[in-house]
Each structure stands twice: as C-alpha cells, then as structure tokens.
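Asks: Below you will find the structure I want to go over with you.
The values are calculated or read from the model by the stated rules, or taken from the named source; none is laboratory data. Just so you know, these numbers come straight off a predicted model, no measurement behind them. Here the Cβ positions follow ideal geometry from the backbone for every residue, glycine too, while neighbour counts run over all protein chains shown.
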Amino acid sequence: MRAIILSGGLGMRLRPLTDDKPKALVPVNGRPISEYQIDWLVREGGVDAVTFACGYKWERLKEHFGTSFAGVSVDYSVEEEPLGTGGGIKKAIAKHPSEETFVVANGDIVTDLPLKRMVEDFSGAGGVSASMLVVPYRSRFGVVKIDKLKMIRGFDEKPAFPDVWINGGVYLLNGPKITKNLPDNGDIERETFPKLVTYGELLSYPYYGEWSFIDSIKDLVELESALKADA
C-alpha cells in the first residue's frame, strides 16, 4: 500500500527551523518528522511505498531519502506552485493510477494509530470514498472550574473533550472514487470533504491514543519531551 505524505507547506510557524528545509525534515530529538512517520506507516500499516507531495525546498527531501528509506520505495510529486492539500493529493494520486487505496498523512503528525485497523474498517464499509482519523479536541489552555457562587473550585490543565472531535490529519482514500471530487488547486478539507458528507461517502475513525501535531516551536518542544518520557 502506498502512503502520500503532504509536505508542500512553507512551515512559517516553525521559522527559523524551516528557513533551509521543508517541515518534513525538521528534527524531533535528532530525527526528521518524516522518519517517524515512515516508521509508523510501515509498522502499523504495512506501507511499502511513500510519495511526498512536496514543493518548498523539496530537493532537500530527495537528498535525504533518495529513492528508498528503510526498505520503503520513495518518490516525489513536485508542485511547481502551491496546489493546496486537495490539488497536491490529486497530483500525487495521478502518478500512480493503477493503485486503489492510499494512506494520506499531513506532514506534521506523529501518532501511534493502529493503521491496519483503520484500513480494515475502511475496507469493510463498502462504497465510501474516504475515511478520516478523528481525535478528541484538546484545549490549548487550562480550564478554570467555577461554581454557582463564582468561586473557583479547581483547574484542569489543557483538558481533552472526549465528545468533541477534530480532524486528525490522516486519511484513507479510494483513488479512483475520490479523484473526481478533488480540486486541481484547493484544499481537500474545504472543497472535497463537504461534498463527500452530502454523498454519505466520508467515514470517520475515532481514536483516543497518542496523537500530536507540530505547528509551532512550542508543539515541537512538547513532543520532544513526551517522546523522551516514553523512551
């Protein structure tokens, strides 16, 4: 099975770390984010081929990974100009027209999601074009608990809300079915998924386990600390 790693963004919030490299090569405890992702894709999903949907500083990706990494075939779908997530996915899928199911992951996600289970769920659904990982919303702020008398009764540091779900940035796509709903230039989140909802073709895969995204230096530092604690 092939994975597409979305790596076309400029990584502005991670500057200066992305001044000379794409976000996918930003180190987490000395290893690029994308190495963690490929390890996970192989271990949890049996992925044997990876396509980087890339643009900004993409040559650095090719210098690092070449045509294979850890036994996985690697190639590159290069955007001459930014195409958005939908356009980038469409271009990457077009490079491999004989393949049906694709795993797509945002290039800033680190998770231990049991991907094979998500694939089984997707395969068993029948007729859907896509499946989306959803994870509980976790507040970036501490929550203050007050009573009816306005007295503070406690604090909850960055709580998770188990009944409020957000897009986890990992998708399973049926290439032939979804391509007709992908824009040439635009985002899958805004232009494709709303259509699939109206068609009843978008499945969710709720997951409560480990999941982090790296959108800022603060996110990077927190993830590095968490990984060291788990080591």
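Asks: Among the residues of the range 203-231, how many are among the aliphatic types (A, V, I, L, M) and under 23 Å from M12 (Cα atoms)?
Replies: Qualifying residue count, the range 203-231: 5.
Asks: Within the range 10-53, track down each residue that is in contact with a strand residue (DSSP E or B) (Cβ under 9 Å, 6 or more places away or on another chain) and either assigned to a loop (DSSP other than H, G, I, E, B) or among the β-branched types (V, I, T) (or both).
Replies: Within the range 10-53, L17, K21, P22, V26, V28, I33, I38, V42, V47, D48, V50, T51 meet the criteria.
Asks: If you don't mind, there's one more thing I want to ask. Only one residue in D184, D163 is in a strand (DSSP E or B) and either exposed (fewer than 12 other Cβ atoms within 10 Å of the Cβ) or without any contact (Cβ under 8 Å) to a residue 24 or more places away in the chain (or both), so which one is that? Step through it out loud before you land on a result.
Replies: On the way: D184 fails: in a strand (DSSP E or B).
So the residue among D184, D163 that is in a strand (DSSP E or B) and either exposed (fewer than 12 other Cβ atoms within 10 Å of the Cβ) or without any contact (Cβ under 8 Å) to a residue 24 or more places away in the chain (or both) is D163.
Asks: Is it the case that the range 203-216 has a residue that's under 19 Å from the mean Cα position of the chain (by Cα) and without any contact (Cβ under 8 Å) to a residue 60 or more places away in the chain?
Replies: First pass over the range 203-216, keeping only residues under 19 Å from the mean Cα position of the chain (by Cα): 203-216.
From what is left, the residues that are without any contact (Cβ under 8 Å) to a residue 60 or more places away in the chain are none.
No, every residue in the range 203-216 fails to be under 19 Å from the mean Cα position of the chain (by Cα) and without any contact (Cβ under 8 Å) to a residue 60 or more places away in the chain.
Asks: Only one of these is of a type in the set (S, T, Y) and farther than 17 Å from N106 by Cα: T67, T18. Name it.
Replies: T67
Asks: Any residue in the range 141-153 that is at pLDDT 90 or above and surrounded by 15 or more Cβ atoms within 10 Å (Cβ to Cβ)?
Replies: Looking through the range 141-153, none of the residues is at pLDDT 90 or above and surrounded by 15 or more Cβ atoms within 10 Å (Cβ to Cβ).
Asks: Would you call F102 in contact with a strand residue (DSSP E or B) (Cβ under 9 Å, 6 or more places away or on another chain), aromatic (F, W, Y), in contact (Cβ under 8 Å) with a residue 12 or more places away in the chain and under 13 Å from G175 (Cβ atoms)?
Replies: Yes.
Asks: Let me ask something else about it. I'm trying to understand the selection: among the residues of the range 114-134, which are under 15 Å from G45 (Cα atoms), exposed (fewer than 15 other Cβ atoms within 10 Å of the Cβ) and either touching an Asp or Glu at 6+ places or on another chain (Cβ under 8 Å) or polar (S, T, N, Q) (or both)?
Replies: Scanning the range 114-134 gives K116, S123.
Asks: Only one of T111, T85 is surrounded by 13 or more Cβ atoms within 10 Å (Cβ to Cβ), at pLDDT 90 or above, touching an Asp or Glu at 6+ places or on another chain (Cβ under 7 Å) and within 12 Å of L6 (Cβ to Cβ). Can you tell me which?
Replies: Residue meeting the stated conditions: T85.
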